[in-house]
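Asker: Structure incoming, see below.
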């Protein structure tokens, strides 16, 4: 997406500088403009999320491919190290609770790689 699609200008104005504006037709245009900008932002965010997901899928498949070709002794060491790092990662959310969908996705990926190391 090009920057031309997201051409948005804004300037900061303090409440003391801006005079009160009565509700007029221009306010309706402003609401429509804000709605269009929100739709553009949502579309850009959705495209970015899909692209990010595609990149993660490719990296995951590459990692699984590499793991399945390692010698058994090396896999065992990786499993031990990986489990420790995952425990540390999970401990980070002890102070800041994260949604269940995060934990579910995390454990799903952990199990995916542990299965690849078997």
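Asker: Using the Cα atoms as the points, what is the convex hull volume per residue of region 23-99 in Å³?
Answerer: Looking at region 23-99, the number lands at 109 Å³ per residue.
Asker: Quick check: pseudo-label points 7 Å beyond the Cα along Cα→Cβ at residue 30 and residue 98, how many nm apart are they?
Answerer: 4.0
Asker: Using the basic label-point model (7 angstrom from Cα toward the beta carbon), what is the residue 45 to residue 88 distance in nanometres?
Answerer: Inter-label distance under the simple model: 3.2 nm.
Asker: Ok, one more. Stokes-Einstein at 20 °C, 1.002 mPa s, Kirkwood radius from Cα pairs: D for region 71-118 in µm² s⁻¹?
Answerer: 184
Asker: For region 25-69, state the average projected area of the convex hull of the C-alpha atoms over all orientations, rounded to one decimal in nm².
Answerer: 2.6
Computed from the coordinates by the stated procedures, all read-outs in this text should not be read as laboratory data. It should be emphasised that the depicted structure is a prediction, and the values quoted were computed from it without experimental measurement. Every residue, glycine as well, gets a Cβ built from its backbone with ideal geometry; the counts of neighbours run over all protein chains shown.
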